Amino acid sequence: MSPWIANLTSLTILQLSNSGLSGSIPSSVGGLKKLKELTLSNSKFYGNIPSSISNLTQLSTLNLQSNNFSGTVQLSLFMGLPNLSILSLSNNNLSVVDGEDITWSPVHTRIKSLGLVSCGMEKLPKLLRYLGRSRTNWLDISQNRIRGAIPQWAWENWSGSHFHYLNLSHNYFTGFVGLETSLPFSIDRFDLSSNMFQGPIPLPQNLSQGALELDYSSNMFSSIALHSSTKISIFKASRNNLSGSVLASFCGVNNLEILDLSYNNLTGPIPSCLMEGTNELRVINLKKNRLHGELPHNINESCSLEVLDFGDNDIKGKLPRSLAACSELAVFDIQNNQISDSFPCWMSTLGRLYVLVLKSNEFFGQVGPSAEDKNSCEFPRIMILDLASNNFSGTLTEEWLANLTFMMGEAGALALPALTTQSYSDETRIYEVTNELTYKGSDLTMETVFRVLWFLDVSNNDLQGSIPAAIGELVELNSLNMSHNYLTGPIPKLGNLKWLEALDLSSNELSGEIPRELASLDFLTTLNLSDNKLVGSIPESPHFMTFSNSSFLGNSGLCGTPLSNQCMINRTMQSAVPYHSKKNPVDVMLFLFSGIGFGVGFAIAVVVAWGIPIRKRS
């Protein structure tokens, strides 16, 4: 920004956001006496914020967020701007402090929106004393280093206020001084996540009038008390110390669309009213608690559920057949429970089911349709199918694998990835669905995966027979795990699986040679063929030489690099021709969009945890 800008003495609005411009703000900007808006957000400006900004007495909006500004900024610099209503310094390299004391009249405080995200603050700024009196409705001081309890002067000054948005997340707050379970202000969106709060969850007042989102995740809260007349659209309290049977209180919450109480110590059965009532629930996430009993069996015909995650509990019995009424269901995860049931072909009627995780239960029988099944077992949209560590037996059939059309790239697989999306307001919320999958044999944990994953895992079961040739037509697969079964015969042709990154066929009874075409799979980075009856030479190619000998051990008939058992006859090196795709890998995100308003549009975001170990079959 050039110093000549001071010549534009009649300028009232300077809007350069999302411009890609860089440079510093010249001190001459203080000469723009008529300037009412200075917005430079989401650009590449840098340097110090000039003190001459305090001369802009007509300024009502100052938005400098998401740049590269640096240095120490004193908030007192802005306290002399009587018309300032919007101030955002978020997401720079600043260190924000109170600054020197000056005469400050709360009567003249007009700030309604204050953003100080990631500003290196270690205490609440004094400016917050006056926000309630100025009817501030938007405050974000997340991602700082503020410690201790929120002082009484702060929430007392906010008493009677209505916040549209209040975000105190990602700090080190421990509580509210002199306050227990009821906050003296109302709010639309409230975020206390990732702090050190303990005790009962504090709820805003006037919840009978409704709140759009309350997020208490990743704290140490131990209890919650909800009233039957409460209205909340999104309630998240995952990763706390909640215990006991508190779920029934959510049955009386009106307008509830997303409920996430995962990673707590909740006990008791899942209240039938959560799934059998006529509520508006779209997401129920109760993963990693200590819930027991059976799943509710009388699910209402008007079911609007899109995500159900009951993984890592102690749930028994069968899957409720009435779940077929949930025509919008996209994700169903029941892993690590004690469900005893046959393969749920009846779920193939759910035409929007993308993720089905049944691993580590007591499922039994044929994978795919049995003689008694009336459904085709087609699963027209399935992308992630995890059947690992159960008691499935019999053979995998060509007919059933041929029905996984989405994995074959049919039905517009790459064009997908939004489900129904509608906009109900100018704000969009994202809910990430997490699924723990054994992937690439790594012990790493990924918080986010920024592309779609096609995944098939039938490992650690009692499957027999040969691997059907149709497996080689599931061209979208990124990961295929069929290890720890009793599969026999040769490895089928897999050369069409051009996007395959992980292949595990270990601990079976496979025979024959390793197909040479495996060496042409450019994206294959994890391979395990150990503990089979394979013979012949290991394909020689620069790509295959990246695999360690552990990928091939336990096959007495194999020879060649990287094994110490060298082949007796020198064979001409069969160079594998690398596959160079004509299309670039498609990076896609599937999100669950929750519009802040009177409705919700949906898509899915899959977050993958790597390396969840499977149990060895004895």
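The values are calculated or read from the model by the stated rules, or taken from the named source; none is laboratory data. Every value quoted in this text rests on a predicted model; they were computed, and no experiment measured them. Every residue, glycine as well, gets a Cβ built from its backbone with ideal geometry; the counts of neighbours run over all protein chains shown.
For the stretch 232-253, the candidate set comprises residues that are in a strand (DSSP E or B), modelled with pLDDT under 95 and within 25 Å of the chain's Cα centre (by Cα); within that set, the residue that is surrounded by the fewest Cβ atoms within 10 Å (Cβ to Cβ) is Ser243. With respect to the conditions (1) crowded, with 22+ Cβ neighbours inside 10 Å; (2) outside any loop (DSSP other than H, G, I, E, B); (3) modelled with pLDDT of 95 or more, His292 falls short on a single one, namely (1). Looking across the stretch 364-375, the residues that are surrounded by 15 or more Cβ atoms within 10 Å (Cβ to Cβ) and either out of contact with any strand residue (DSSP E or B) (no Cβ under 7 Å at 6 or more places or on another chain) or under 20 Å from Leu500 (Cα atoms) (or both) come down to Gly368, Pro369, Asp373. Gln209 meets the conditions (1) in contact with a strand residue (DSSP E or B) (Cβ under 6 Å, 6 or more places away or on another chain); (2) of a type outside the set (Lys, Arg); (3) surrounded by fewer than 22 Cβ atoms within 10 Å (Cβ to Cβ) in every case but one. The failed one is (1).
Restricting the stretch 106-149 to residues that are in contact with a helix residue (DSSP H, G or I) (Cβ under 7 Å, 6 or more places away or on another chain) and modelled with pLDDT of 85 or more, the residue that is nearest to Leu179 (Cα to Cα) is Leu124.
Okay, residues lined up against (1) under 20 Å from Met121 (Cβ atoms); (2) acidic (Asp, Glu); (3) in a loop (DSSP other than H, G, I, E, B); (4) not assigned by TED's automatic domain parsing to the domain that holds Ile5:
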{"position": "Val29", "(1), (2), (3), (4)": "no, no, no, no"}
{"position": "Lys33", "(1), (2), (3), (4)": "no, no, yes, no"}
{"position": "Ser41", "(1), (2), (3), (4)": "yes, no, yes, no"}
{"position": "Tyr46", "(1), (2), (3), (4)": "no, no, no, no"}
{"position": "Phe69", "(1), (2), (3), (4)": "yes, no, no, no"}
{"position": "Ser76", "(1), (2), (3), (4)": "yes, no, no, no"}
{"position": "Leu87", "(1), (2), (3), (4)": "yes, no, no, no"}
{"position": "Ser90", "(1), (2), (3), (4)": "yes, no, yes, no"}
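Applying the criterion of at least 2 residues that are hydroxyl-bearing (Ser, Thr, Tyr) to the strands (runs of 3 or more DSSP E) found wholly in the stretch 333-411 leaves 391-395.
May I ask you to say which residue of Ser70, Ser2, Ser88 is small (Gly, Ala, Ser), within 21 Å of Ser118 (Cα to Cα) and surrounded by fewer than 16 Cβ atoms within 10 Å (Cβ to Cβ)? Going through Ser70, Ser2, Ser88 in turn, just one is small (Gly, Ala, Ser), within 21 Å of Ser118 (Cα to Cα) and surrounded by fewer than 16 Cβ atoms within 10 Å (Cβ to Cβ): Ser70.
Of all residue pairs spaced 6 or more apart or on separate chains, those with beta-carbon atoms under 8 Å, a first member in the stretch 9-23 that is closer than 16 Å to Leu62 by Cα and a second member that is basic (Lys, Arg) are Leu11/Lys34; Thr12/Lys34; Thr12/Lys36; Ile13/Lys36. Checked against the criterion of being closer than 26 Å to Tyr130 by Cβ and either crowded, with 17+ Cβ neighbours inside 10 Å or at pLDDT 95 or above (or both), the stretch 9-16 has no qualifying residue. Per the conditions (1) in contact with a helix residue (DSSP H, G or I) (Cβ under 9 Å, 6 or more places away or on another chain); (2) over 22 Å from Arg129 (Cα atoms); (3) buried (at least 21 other Cβ atoms within 10 Å of the Cβ); (4) not aromatic (Phe, Trp, Tyr), the sole criterion not satisfied by Gln65 is (1). Any residue at all in the stretch 53-67 that's within 32 Å of the chain's Cα centre (by Cα) and either of a type outside the set (S, T, N, Q) or in a strand (DSSP E or B) (or both)? Yes, the stretch 53-67 has at least one match.
For the stretch 189-204, check the following and say yes or no: at least one residue is surrounded by fewer than 19 Cβ atoms within 10 Å (Cβ to Cβ), within 29 Å of Thr61 (Cβ to Cβ), modelled with pLDDT under 90 and not aliphatic (A, V, I, L, M). The answer is no; no qualifying residue exists.
Selection within the stretch 150-186: residues that are closer than 17 Å to Met121 by Cβ and either out of contact with any strand residue (DSSP E or B) (no Cβ under 8 Å at 6 or more places or on another chain) or assigned by TED's automatic domain parsing to the domain that holds Ser66 (or both). The member of this set that is modelled with the lowest pLDDT is Ala154. Among residues belonging to the stretch 522-532 that are part of a loop (DSSP other than H, G, I, E, B) and modelled with pLDDT under 95, point out the one that is surrounded by the most Cβ atoms within 10 Å (Cβ to Cβ). Among them, the one singled out is Leu524. Among the residues of the stretch 369-393, those that are over 18 Å from Glu476 (Cα atoms) and at pLDDT 90 or above comprise Leu387, Ala388, Ser389, Asn390, Asn391, Phe392, Ser393.
This table checks each residue for (1) more than 20 Å from Glu540 (Cα to Cα); (2) at pLDDT 95 or above; (3) in contact with a helix residue (DSSP H, G or I) (Cβ under 6 Å, 6 or more places away or on another chain); (4) among the hydrophobic types (A, V, I, L, M, F, W, C).
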| position | (1), (2), (3), (4) |
| --- | --- |
| Phe455 | yes, no, no, yes |
| Thr488 | yes, yes, no, no |
| Gly512 | no, yes, no, no |
| Ser520 | no, no, no, no |
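The numbered conditions (1) within 20 Å of Gly175 (Cβ to Cβ); (2) at pLDDT 90 or above are all true for Glu213 except (1).
Scanning the stretch 254-265 for residues that are buried (at least 21 other Cβ atoms within 10 Å of the Cβ) and not in a loop (DSSP other than H, G, I, E, B), we see that the one that is nearest to the chain's Cα centre (by Cα) is Asp260.
Total residues in the stretch 535-564 satisfying the condition of being within 19 Å of Met482 (Cβ to Cβ) and either in a loop (DSSP other than H, G, I, E, B) or touching a residue at least 40 places away in the same chain (Cβ under 8 Å) (or both): the figure is 6. Glu306 fulfils the conditions (1) surrounded by fewer than 22 Cβ atoms within 10 Å (Cβ to Cβ); (2) modelled with pLDDT under 95 except for a single criterion, (1).
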